[in-house]
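Only one structure is covered here, and it is reproduced in the block below.
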Amino acid sequence: ELGIRIPRPLGHGPSRFIPEKEMIQVGNEDAMMHTLFADSFATLGRLDNVTLVMVFHPQYLESFLKTQHYLLQMDGPLPLHYRHYIGIMAAARHQCSYLVNLHVNDFLHVGGDPKWLNGLENAPQKLQNLGELNKMLAHRPWLITKEHIEQLLKTEENSWSLAELIHAVVLLTQYHSLASFTFGCGISPEIDCEGGHTFRPPSVSNYCICDITNGYHGVDEIHASPTGSVPSTESVCEVAALMEKMKQLQECRDEEEASQEEMATRFEREKRESMFVCSSEDEESAPTRDVSRHFEDTSYGYKDFSRHGMHVPTFRVQDYSWEDHGYSLVNRLYPDVGQLLDEKFHIAYNLTYNTMAMHKDVDTSMLRRAIWNYIHCMFGIRYDDYDYGEINQLLDRSFKVYIKTVVCTPEKTTKRMYDSFWRQFEHSEKVHVNLLLVEARMQAELLYALRAITRYMT
């Protein structure tokens, strides 16, 4: 009545992909979730939408919040404003304005210089020097060499110490993978963030002409989604077929084991095939705000690991693994972080409720391993003891498109991609898939960076 424009939320609920009524409602959570919400609020000063979606898996969320708190707020090699600025640089590489906005506020809150936010060229040279590593980690981590590390550690007055560099690398990989989670789960901006609200005049009824001009056509229509709707015969068969394949593969495993040569051939075949998995360009992904001022070389993006004319040697896990090499290097140079990351990887990889859609008492380890190893395969990382023939059996094309998009070009993820894989599965199971994707991606990036640092040190 006073003519004041009141912001109204632009979306319904924390995710554009998951109907609000299927989310865990604040106020209805159990004691463990309530504690997590309180911790998240204490750490971030808000209950953000990432937390509200991750809480489908409280055990993982607890580990994630502990890691975030340690990286951003506890004692460490880097000053607080540097940490948030590095988060901004990393999220901006994927045009993730949601994360950029959150960290712009945090950066200013801890006393960061507002001028740095006008563009990377206004930040100290030391942070600008990190731009090249940020770009390669985000899009083509297999190209990182010990020379890149040497440049950062040996540039006279703007040099990084080894401990600072480890802290920066962990932050960069954490925020690249968090951008994957944000886009993969269709996280909506909070009402007080850019893109999270619209101004609508007050209306007497719940539904007025201004809704239509703002793209609202009633709540129910927005949430008409294949997932969680009435089971179609086709999608029920999909689940049964997937379970049957798992059973057959287990039987084949018990009967015979492929030779090392055959295993290597299957890896190369899967790596080549992953090049031909791509999303159609004309699909409508979420509108992103321009955040390109926070990084250089905007044209640099993802290219497949094994493009024609480029030969990058396969990264063999028995030569350099997280468990045997990366973990101890991180823990030595930035105490306790290796432990926190290791716990987060383990929880995501081993998390199971022994269910698949409507089926109970199912061993899902084979499926989880196929997803994790497929992501590492796209990054050129090979496990000698894994039969890559299983991937094609267990992951269908629409699922592979979703995985590759979320991991390699998350900003192109669409609701249609999210809806089209595993149509009969619960939303919580799809969120679990996203946790696997982000942790496998983070570990792959870390492996390449840490191997280069190890080579530099030796």
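The values are calculated or read from the model by the stated rules, or taken from the named source; none is laboratory data. This structure is a prediction, so every number in the text was calculated from the model and none was measured. Note: ideal-geometry Cβ built from the backbone for every residue, glycine included; neighbour counts use all protein chains shown. With ligands, DNA and RNA removed, areas are computed over all heavy atoms of the protein, side chains included. Shrake-Rupley method; radii C 1.70, N 1.55, O 1.52, S 1.80 Å.
Could you order the peptides 319-327, 422-430 from most to least packed, using the average number of other C-beta atoms within 10 Å per residue?
Answer by packing, highest mean first, reads 422-430, 319-327.
Could you pull out which residues in the range 114-137 have an amide N less than 19 Å from a spot 7 Å beyond the Cα of E156, following the Cα-Cβ vector?
124-130
Taking a virtual spin label 7 Å from the Cα of A163 along the C-beta vector, which residues in the range 337-357 bring their backbone nitrogen under 18 Å of it?
Once the point is set 7 Å along Cα→Cβ of A163, 337-340 turn out to lie under 18 Å by backbone N, inside the range 337-357.
Sort 22-28, 449-455, 95-101, 178-184 by packing, meaning the average of other beta carbons within 10 Å per residue, with the highest value first.
The peptides rank, most packed first, as 178-184, 95-101, 449-455, 22-28.
Express the carbon and sulfur contribution to the solvent-accessible surface of the range 364-424 as a percent, rounded to the nearest whole number, probe 1.4 angstrom.
For the range 364-424, the apolar C and S fraction of the accessible surface comes to 47 percent.
Sticking with the crude label model, points 7 Å out along Cα→Cβ, report the distance from N105 to R332 in nm, one decimal please.
4.1 nm
To the nearest 20 debye, what charge dipole does the range 26-195 have about its Cα centre, counting +1 at the Cβ of each Lys and Arg and -1 at the Cβ of each Asp and Glu?
For this selection, approximately 400 debye.
Would you kindly calculate the mean projected area, averaged across all directions, of the convex hull enclosing the Cα atoms of the range 26-195, in square nanometres?
Averaging across all directions leaves 10.5 nm² for the Cα convex hull.
Cut-off 20 Å, label point 7 angstrom out along Cα-to-Cβ of K146: give me the residues of the range 420-458 whose amide nitrogen falls inside.
446-458
Say the cut-off is 24 Å between C-alpha atoms; which of K154/K303; K126/K146; K360/K404 go over it?
K154/K303; K360/K404
What accessible area per residue, rounded to a whole number of Å², is obtained for the range 26-195 using a probe radius of 1.4 Å?
36 Å²
Can you pull the percent of the range 26-195's accessible area that's carbon plus sulfur, 1.4 Å probe, other chains left in place?
52 percent
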